[in-house]
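Readers should treat all values here as calculations from the given coordinates under stated rules, not as data from a laboratory. All of these numbers come straight from a predicted model, not from anything done at the bench. A quick note on method: Cβ atoms are made from the backbone with ideal geometry, for glycine too, and the neighbour counts reach across all protein chains shown.
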Amino acid sequence: MRHKFRYQLISGFVLFLILSCSCGKGGEKGQAVSAPSRDPVEIASGVDRAVATTGDIVNYTLTLNRAPEVQAKIPEVGPRITGFRIVDMGYNPEKRVEGRMVSSRWYKLRADLVGSYILPDVEINYQEGDTPKKAVAAPVYVEVASVLGPAGEAKDIRDLKPIIPYPGRPFWFWAAVIGGPILLLLLCWYAWRRRKQRERAVPERPAWELAREELQRLTELKLLEAGEVKSFFFHLSEIFRRYLERRFRFPALEATQEEIHGYLKSMEWIDEELKKSAEDFLNGSDLVKYAKYAPPGDEIELRMGQAEMFIEKTIPNIESKNI
């Protein structure tokens, strides 16, 4: 009986402890759990690949997530990107996501040399009430490797195998071995010739038509309305250089201003004032792209007008040639 009583006493004490813990947890469960607070402004950076090879396109994206009542925007980091060539760039306008404003800026980058590269950190200064604050996106590391694989290891030298007598082959075998490649080359040549004929049948679109369409698409992006002046001039300068490359058949996209000046100088049929206008456009565009210069509205209209005027003035007079 004494052992039985002791066993009941211990069981009752354990049951009391279990009920006490359950009541405590139930009280906590009834309390409201608040969601973790977020910073008014958050900036994040990233790439689609941390390891690339020479010639690959690396997509670099900056994403801004802010509270609607706080004003902030993504800065232009193009001049701070080193080691990569900017192939293309753009801006995704803001949209509301879960009560916050989200926008992004993207760059398509290409590295021509093997090595380790660091895309810069990005800072955004903003005001929360009367308190100045700062949001920071960490730098991004990208490793660029060669397209060539590592050198193979040397293999052990094996003993020579005994000579195996070469069996004789019938005539049809040699006819196939010799005639097959010749027939394949003839078929490839015929296909290449047919493709060239089709390409000549469909003439290439004129450079000025393509430039007009690109300028129209640039206007529809509304970068100036969004305050993206540098991004606007990056696109405008590239459209102008691409027109020079298509129209006059020289590598204007990769050329320096001095090289472009030399090419234009050799074209005596272009008016001197028009050449000066083109050089002034290139100088003014680079000043906005790579220096801390914010042009006024009338200068932006001037640069746009210079590019359009050069394109229109250098269209060949096809109608007079056909008379």
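Values for this structure:
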| quantity | calculated |
| --- | --- |
| Label point distance in nm, Glu123-Ala226, each placed 7 Å from Cα along Cα→Cβ | 2.5 |
| Listed residue (Pro75, Val87, Pro132) projecting farthest to the positive dipole end of region 41-145, Cβ model | Val87 |
| Sites Lys196 and Trp269, calculated FRET efficiency, Cβ-Cβ separation with R0 35 Å, nearest 0.05 | 0.70 |
| Relative packing of 284-292, 223-231, which averages over residues the other C-beta atoms within 10 Å, highest first | 223-231, 284-292 |
| Residues of type aspartates and glutamates that Lys196 reaches as a straight line, Cα spacing below 14 Å, ignoring anything fewer than 8 places off in the same chain | Glu204 |
| Using alpha carbons only: equivalent-ellipsoid semi-axes of region 207-317, gyration tensor based, whole Å | 23, 16, 13 |
| Net charge, Ala255 excluded, C-beta distance under 11 Å - Lys, Arg +1, Asp, Glu -1 | -3 |
| Integer Hz, Karplus 6.51/-1.76/1.60 couplings in order for region 302-308, x for Gly and Pro | 4, 5, 5, x, 5, 5, 5 |
| Unsatisfied cross-links (Cα-Cα over 25 Å) in the set Lys222/Lys289; Lys133/Lys292; Lys108/Lys265; Lys230/Lys265 | Lys108/Lys265; Lys230/Lys265 |
| Separation between Cα centres of region 247-262 and region 86-146, rounded to whole Å | 31 |
| Residue-span extension gain [Arg249 to Phe173] - 0.36 nm each, minus C-alpha spacing | 22.3 nm |
